[in-house]
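For reference, the structure I am asking about is given below.
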Amino acid sequence: MTNLPRKFGAPALIGAIAFLLLLVVAVLLFQQGQSTLSLLVIAAVVVLSAAVLGLAHIVREIFRLPATLLQAGSDAVRGVFDWLGGILKPKVEIRTAILAGIRRFDDHGKLVVGSLRVDVLAQIVETSAVGTVLGQASAREVGVQYFIPLEQLTIENFRWSFTVDQGTGERGIAVYCQMPLPQVDEEFIAIDEAGIETLSLGSGIQTINPWSGKDALTAKAKGQLKPRAIEIAKRPECMLAAERMARGHIENLVHSVANSLLQLSAGKVPPVAVLVEFPVSQAPSIQPSLSQASD
């Protein structure tokens, strides 16, 4: 095999390596949905590689500079690229990976974040000149669940920063999640039909009137159990409980995803603190234990 001329071999090799490395970065950015940034990186690769290698060859040929000086310049350029990649790549990967990790638990476009059990009572009363009729239905331990709509989540819901423990000096990462408020899943109301209790009462003549409609009222009351359960689930105290459950669920989920990602990319997992906030939060905020440091 014929070797390349000596004066072209080193610059060509350096240019090829730099081009391939940055091309890989551009492809990864494109796969993560950062098409504009990917195109900018590709353009920068072509222009900067041509400029650096072309100027290096011209300067070397004209001024006969030592190869070690040119190599130092090439190493400096590679160092800049490595620094730039170290800033951009983790931020894109962490946010994208967290969103992808959450979407793994997609349940028909929902991220289920918790459930409650409530007791439900429905009553219908009709009064007439001949008396009063009551139809009642009750159910215990009715299951209601809460979810966050996944279509409202993008990578913009997540951000992160480096942190430093002021006591030990240990560096870590804080992940901030701005989430939509949990919603009642009205499609999922778990009522045990066998456990429903009904009651029919009448007063006055309606007590002995076989056509009083007590049974019809009881059937209507039974049909009101689901709407009543939804109404109870939307009460402030229940929504507050749902928010607490959602915060804990998302913290655990994001913590697991971030740990897995950092372990794959860095080997040693730094401390990770997760803070989940909602647009209108009634529960007290939980601040991360690590103090934020400038990036």
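What follows is calculated from the coordinates using simple rules that are stated; it is not laboratory data. Since we're looking at a predicted model, the values are computed, not measured. As a convention, Cβ positions derive from the backbone with ideal geometry for all residues, glycine included, and neighbour counts pool all protein chains shown.
Rounded to the nearest 0.05, what FRET efficiency do F105 and A216 have when you use their Cβ-Cβ distance and R0 = 35 Å? Before the final figure, lay out each step's value.
Details: r = 44 Å, r/R0 = 1.25.
E(calc), rounded to 0.05, equals 0.20.
Okay, next question. Using the Karplus equation 6.51 cos²θ - 1.76 cosθ + 1.60 (θ = phi - 60°), what ³J(HN,Hα) coupling, rounded to whole Hz, does each residue of the range 156-167 give in order, writing x for Gly and Pro?
Here the 3J(HN,Hα) series is 5, 6, 10, 8, 8, 8, 6, 10, 9, 6, 5, x Hz.
With labels modelled as points extended 7 Å from the Cα through the Cβ direction, what inter-label distance (nm, one decimal) is found for E197 paired with Q152?
Taking the two extended label points, one gets 3.7 nm.
Something else: Between F162 and E237, 0.36 nm times their residue separation minus their Cα-Cα distance comes to what? Intermediate values should be presented prior to the final figure.
Values: separation 75, 0.36 × 75 = 27.00 nm, distance 3.57 nm.
Contour length minus Cα-Cα distance gives 23.4 nm.
Assuming 0.36 nm per residue, please report the length gained on full extension of the stretch R140 to T127 beyond their Cα-Cα distance.
Roughly 1.9 nm would be gained on extension.
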